[in-house]
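A.B. asks: Sending over a structure as structure tokens; questions will come in a sec.
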Amino acid sequence: MFTGRVRKGEGSGVFSPEGLIIPALMVAFWYMATRGGTALLPSPEQVLRVLASPGDDIASCGSLLWNIFVSLARVVVGLLAGILIGTPVGFLMGAHRFSRRLLFLITEMARPLSPLALLPFSIIVFRDTTLTKLLGLTQLRYSRHLFNEIQLGMVFILLWGAVFPIILDTMHGVRGIRKRHLEVARVSGAGRWFTFLHVMIPASLPDILSGYRMAVGRCWMVIIAAEMLPGTNSGIGYLLRYSYQISRYDVMAACVIVIALVGALFAKGLADMGEARLLLRAEER
Amino acid sequence: MGAGMVIRGVEKHFREKESELHALGPFSLTVQPGEFLCLLGPTGCGKTTLLRILAGLETPSSGSVSFTGSGSRGRIGYVFQEGALFPWLTARDNVAFPLRAEGASWGEARARAEAVLSDVGLSGFEGSFPHQLSGGMRQRVALARGMVSNPDILLLDEPFSSLDTRMSHLLQEKMRELAGGLSATVVFVTHNIEEAVFLGHRICVMGPRPGRIVRDETISLKGERNRLSAEFTELLLSFRRTFEEQVAPV
């Protein structure tokens, strides 16, 4: 989770030349360790070969690129569902005391429950329902279309992973709105809707975004683990496990590197976006 | 002409768990339309509570406030002690906020906001965010926001008390200058005797809790008020005496 304050001109600070030192050392060490050739560890060159042609099919599992794409698409759908449900619920709990009392306990009970623990139930309930089926896009059924790979069971556990941090951070954001600011709106004769749009939302936006950031990170961790379990045969997590089963350790290592890189890119993108002020300043222009 | 106010026997109690705090009253006062009234009193005498009741932010525990003229509260301008500017809006949009809240378009509201910002001497800072402005500038933005909708009643809660003396003198002069062009009835709350004497057409001195009026006087100083003049000093001393004898006896 990104919580640090960003200094001017430094961007998010996630990617800096200094940050490459340790990865470079690790690759160098890896190179030395595998120079003689071992049965267990793939060499950097082997892994690089896999990474260099991400479009090639791997053991008829689809390409690296396709599987990353599938995992990302699942995260996007799950996250969107989490945002669409979590934001209004969090707002309600922040602004309305009865709703908060009604939902706080159940939220705090559900939050620590690992989404992975729900995967078996999720598969039983949703079976093989995909986005294609849900949207009634039957003509897509033959081809290897992205929507065919987005199982609702996956979406559900991602939703589970995303929704609670979003709910709680949104609630904290709304509860933290300064009373003064609401009073300014009131004496200005602002209606409820105007106050909601122009005071409550911008005032709580930094917290809401921090909930979203947290949710993205959790979703990425959850999806990789979920894909390694039964219930799917696509996605970068599946490719990782499958390459283990067929002893393609070069692919395995490539998957791990890609997962880490995507995670870091998420962190950077969200940290850049997370500067709520920048976001609002852009709106002003 | 702004709205007049008739305050009759207004009382306010705040309930805090076991104890009850008697914050104000019973308090009665008639404010003439277009008057510039300074409510002068020590901290905790209930003047902010009174102001909030006038603004409709609190309801009195008993008593009533009625408005002469249109008969309703009409448009209110309220300047909070610490500005309470929206940190996510520029100076221009902070000032435009009350107009937008009333349904004006962004274009209209911003044009008017820029005019009022220039009145308070902030031309060139329209696009600045509150955190980029000094304390004095922020208070001027707050002042502009209070006046932008041409309110019937302008309520100010110690707007300059957090500023240094020089800046607060500067803004008091600005306030006097602007008040001439306003049609609003102004209620200006302060604990600063000099500020009250400098600004008020009428000064009501409130005693300590629960807030009653110990002196109510219309100020006869005409035209420019000069802090160094003999009349000003005399008036200042006379209010200081009232303060010492009846408000906060030493």
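The values are calculated or read from the model by the stated rules, or taken from the named source; none is laboratory data. This is a predicted model, so every value here is computed, not measured. FYI the Cβ positions are ideal-geometry reconstructions off the backbone, even for glycines, and counts take in every protein chain you see. For accessibility, only protein heavy atoms count, side chains too; no ligands or nucleic acids. Shrake-Rupley method; radii C 1.70, N 1.55, O 1.52, S 1.80 Å.
A.B. asks: Can you pull out the residues in region B:84-109 that are under 24 Å from the mean Cα position of the chain (by Cα) and in a helix (DSSP H, G or I)? First the steps, then the outcome.
C.D. replies: First, the residues of region B:84-109 that are under 24 Å from the mean Cα position of the chain (by Cα): B:84-87, B:89-102, B:109.
The answer is B:ALA91, B:ARG92, B:ASP93, B:ASN94, B:VAL95, B:ALA96, B:PHE97, B:PRO98, B:LEU99, B:ARG100, B:ALA101, B:ALA109.
A.B. asks: Let me ask you something else. How many of the residues making up region A:246-260 are small (Gly, Ala, Ser) and surrounded by fewer than 21 Cβ atoms within 10 Å (Cβ to Cβ)?
C.D. replies: Keep residues of region A:246-260 that are small (Gly, Ala, Ser), which gives A:247, A:253-254, A:260.
Checking the rest, the ones that are also surrounded by fewer than 21 Cβ atoms within 10 Å (Cβ to Cβ) come to A:247, A:260.
Summing the residues that are small (Gly, Ala, Ser) and surrounded by fewer than 21 Cβ atoms within 10 Å (Cβ to Cβ) in region A:246-260 gives 2.
A.B. asks: I need a count of the residues in region A:25-76 that are crowded, with 16+ Cβ neighbours inside 10 Å and closer than 21 Å to A:ALA226 by Cβ.
C.D. replies: 14
A.B. asks: Let me ask something else about it. Would you mind stating whether A:LEU152 is away from chain B (no Cβ under 11 Å) and free of Cβ contacts under 8 Å to residues at least 12 places away in the same chain? Lay out the reasoning, then the answer.
C.D. replies: Working: away from chain B (no Cβ under 11 Å): yes; free of Cβ contacts under 8 Å to residues at least 12 places away in the same chain: no.
Judged against the criteria, A:LEU152 is not a match.
A.B. asks: Another question about this same structure. Could you tell me whether A:THR232 is in contact (Cβ under 8 Å) with a residue 40 or more places away in the chain and of a type in the set (Ser, Thr, Tyr)? Before you say what the answer is, go through the steps one by one.
C.D. replies: Details: in contact (Cβ under 8 Å) with a residue 40 or more places away in the chain: yes; of a type in the set (Ser, Thr, Tyr): yes.
Yes, satisfied.
A.B. asks: Okay, next question. Can you tell me which of B:SER162, B:SER118 is among the small types (Gly, Ala, Ser), open to solvent by 50 Å² or more (accessible area, probe 1.4 Å), assigned to a loop (DSSP other than H, G, I, E, B) and out of contact with any Lys or Arg (no Cβ under 8 Å at 6 or more places or on another chain)?
C.D. replies: Every option except B:SER162 fails the conditions.
A.B. asks: Here is a further query. Just checking, which of A:GLY36, A:GLY86, A:GLY90, A:GLY94 is over 29 Å from A:LEU270 (Cα atoms) and not hydroxyl-bearing (Ser, Thr, Tyr)?
C.D. replies: Working: A:GLY86 fails: over 29 Å from A:LEU270 (Cα atoms); A:GLY90 fails: over 29 Å from A:LEU270 (Cα atoms); A:GLY94 fails: over 29 Å from A:LEU270 (Cα atoms).
A:GLY36 is the lone residue from the list that is over 29 Å from A:LEU270 (Cα atoms) and not hydroxyl-bearing (Ser, Thr, Tyr).
A.B. asks: Restricting to region A:197-213, name every residue that is within 12 Å of chain B (Cβ to nearest Cβ) and more than 17 Å from B:ALA84 (Cβ to Cβ).
C.D. replies: Residues of region A:197-213 within 12 Å of chain B (Cβ to nearest Cβ): A:197-206.
Answer for region A:197-213, where residues must be within 12 Å of chain B (Cβ to nearest Cβ) and more than 17 Å from B:ALA84 (Cβ to Cβ): A:LEU197, A:ILE201, A:LEU205, A:PRO206.
A.B. asks: Take the conditions polar (S, T, N, Q) and within 14 Å of another protein chain (Cβ to nearest Cβ) and apply them to B:THR43. Does it pass?
C.D. replies: Values: polar (S, T, N, Q): yes; within 14 Å of another protein chain (Cβ to nearest Cβ): no.
So B:THR43 fails the test.
A.B. asks: Suppose we keep only residues that are touching a helix residue (DSSP H, G or I) at 6+ places or on another chain (Cβ under 6 Å) and in a loop (DSSP other than H, G, I, E, B) within region B:49-79. Which one would you say is nearest to the other protein chains (Cβ to nearest Cβ)? Steps first, please.
C.D. replies: Step one: filter region B:49-79 for residues touching a helix residue (DSSP H, G or I) at 6+ places or on another chain (Cβ under 6 Å), giving B:55, B:57-58, B:60, B:76-79.
Those left that are additionally in a loop (DSSP other than H, G, I, E, B): B:57-58, B:60.
Numbers: B:LEU57: 6, B:GLU58: 10, B:PRO60: 17 Å.
Per the stated criteria, the residue is B:LEU57.
A.B. asks: Which members of region B:110-164 meet the condition of being among the β-branched types (Val, Ile, Thr) and within 26 Å of B:LEU40 (Cβ to Cβ)?
C.D. replies: Across region B:110-164, the qualifying residues are B:VAL120, B:VAL141, B:ILE153.
A.B. asks: Just a yes or no: is a residue in region A:250-258 part of a helix (DSSP H, G or I), within 12 Å of the chain's Cα centre (by Cα) and touching a residue at least 24 places away in the same chain (Cβ under 8 Å)? I'd like the intermediate steps shown before the answer.
C.D. replies: At the first step, the residues of region A:250-258 found to be part of a helix (DSSP H, G or I) are A:250-258.
Restricting the remaining residues to those that are within 12 Å of the chain's Cα centre (by Cα) gives none.
Looking for residues that are part of a helix (DSSP H, G or I), within 12 Å of the chain's Cα centre (by Cα) and touching a residue at least 24 places away in the same chain (Cβ under 8 Å), one finds none in region A:250-258, hence no.
A.B. asks: Now for a separate question. Is region B:100-115 home to any residue that is surrounded by fewer than 23 Cβ atoms within 10 Å (Cβ to Cβ), aromatic (Phe, Trp, Tyr), within 13 Å of chain A (Cβ to nearest Cβ) and more than 19 Å from A:HIS181 (Cα to Cα)?
C.D. replies: So the first thing to find is which residues in region B:100-115 are surrounded by fewer than 23 Cβ atoms within 10 Å (Cβ to Cβ), and the list is B:100-108, B:110-112, B:114-115.
Going one step further and asking which of them are aromatic (Phe, Trp, Tyr), we end up with B:106.
Narrowing further to those that are within 13 Å of chain A (Cβ to nearest Cβ): B:106.
The next check asks that each one be more than 19 Å from A:HIS181 (Cα to Cα); those that pass are B:106.
Scanning region B:100-115 turns up at least one residue that is surrounded by fewer than 23 Cβ atoms within 10 Å (Cβ to Cβ), aromatic (Phe, Trp, Tyr), within 13 Å of chain A (Cβ to nearest Cβ) and more than 19 Å from A:HIS181 (Cα to Cα).
A.B. asks: Looking only at region B:34-81, which residues are under 12 Å from the mean Cα position of the chain (by Cα) and open to solvent by 40 Å² or more (accessible area, probe 1.4 Å)?
C.D. replies: Within region B:34-81, B:THR48, B:GLN81 meet the criteria.
A.B. asks: So, one more: Is it the case, given these coordinates, that A:VAL89 is farther than 25 Å from A:ALA215 by Cα and of a type in the set (Val, Ile, Thr)? Even if it seems obvious, please write down each step before you answer.
C.D. replies: Details: farther than 25 Å from A:ALA215 by Cα: no; of a type in the set (Val, Ile, Thr): yes.
No; evaluated as a whole, the condition is false for this residue.
A.B. asks: When you go through A:TYR238, A:TYR242 one by one, which is the residue that is touching an Asp or Glu at 6+ places or on another chain (Cβ under 6 Å), away from every other protein chain (no Cβ under 13 Å) and under 30 Å from A:ALA59 (Cα atoms)?
C.D. replies: On the way: A:TYR242 fails: touching an Asp or Glu at 6+ places or on another chain (Cβ under 6 Å).
On inspection, the qualifying residue turns out to be A:TYR238.
A.B. asks: Sticking with this one: Of all residues in region B:229-250, how many are open to solvent by 30 Å² or more (accessible area, probe 1.4 Å), among the β-branched types (Val, Ile, Thr) and in contact (Cβ under 8 Å) with a residue 40 or more places away in the chain?
C.D. replies: Residues meeting the conditions: 0.
A.B. asks: Find all pairs meeting these conditions: Cβ atoms under 6 angstrom apart; at least six residues apart or on different chains; first residue within region B:54-65 and within 12 Å of B:GLU11 (Cα to Cα); second residue assigned to a helix (DSSP H, G or I) and among the β-branched types (Val, Ile, Thr).
C.D. replies: Once the first residue is within 12 Å of B:GLU11 (Cα to Cα) and sits in region B:54-65, its partners that are assigned to a helix (DSSP H, G or I) and among the β-branched types (Val, Ile, Thr) give B:PRO60/B:ILE53.
Residue-wise test of (1) among the small types (Gly, Ala, Ser); (2) open to solvent by less than 30 Å² (accessible area, probe 1.4 Å); (3) assigned to a helix (DSSP H, G or I).
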| residue | (1), (2), (3) |
| --- | --- |
| A:PHE98 | no, no, yes |
| A:ARG101 | no, no, yes |
| A:PHE104 | no, no, yes |
| A:PRO112 | no, no, no |
| A:LEU116 | no, no, yes |
| A:PHE121 | no, no, yes |
| A:ILE124 | no, no, yes |
| A:ASP128 | no, no, no |
| A:THR132 | no, yes, yes |
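A.B. asks: Ok, one more. Take B:ARG140 and decide whether it is within 13 Å of chain A (Cβ to nearest Cβ) and open to solvent by 10 Å² or more (accessible area, probe 1.4 Å). So that I can check it myself, show each step before the final result.
C.D. replies: Values: within 13 Å of chain A (Cβ to nearest Cβ): no; open to solvent by 10 Å² or more (accessible area, probe 1.4 Å): yes.
Spelling it out, it is not the case that B:ARG140 is within 13 Å of chain A (Cβ to nearest Cβ) and open to solvent by 10 Å² or more (accessible area, probe 1.4 Å).
A.B. asks: Right, something else. Please go through region B:141-163 and give me each residue that is more than 13 Å from the chain's Cα centre (by Cα) and within 13 Å of B:MET175 (Cβ to Cβ), ordered by number.
C.D. replies: B:LEU163
A.B. asks: Something else about it: Scanning for something at pLDDT below 95 and over 29 Å from the mean Cα position of the chain (by Cα), does region A:158-179 turn up at least one residue?
C.D. replies: Within region A:158-179, one or more residues are at pLDDT below 95 and over 29 Å from the mean Cα position of the chain (by Cα).
A.B. asks: For region A:174-189, does any single residue satisfy the condition of being in a helix (DSSP H, G or I), away from every other protein chain (no Cβ under 13 Å), more than 24 Å from A:GLY231 (Cβ to Cβ) and out of contact with any Ser or Thr (no Cβ under 6 Å at 6 or more places or on another chain)?
C.D. replies: Going residue by residue through region A:174-189, those that are in a helix (DSSP H, G or I) are A:174-175, A:179-187.
With away from every other protein chain (no Cβ under 13 Å) added as a condition, the list becomes A:174-175.
In the following step, the residues that additionally are more than 24 Å from A:GLY231 (Cβ to Cβ) were identified as A:174-175.
If we keep only those that are out of contact with any Ser or Thr (no Cβ under 6 Å at 6 or more places or on another chain) as well, we get A:175.
Checked against the condition, which is being in a helix (DSSP H, G or I), away from every other protein chain (no Cβ under 13 Å), more than 24 Å from A:GLY231 (Cβ to Cβ) and out of contact with any Ser or Thr (no Cβ under 6 Å at 6 or more places or on another chain), region A:174-189 yields at least one hit.
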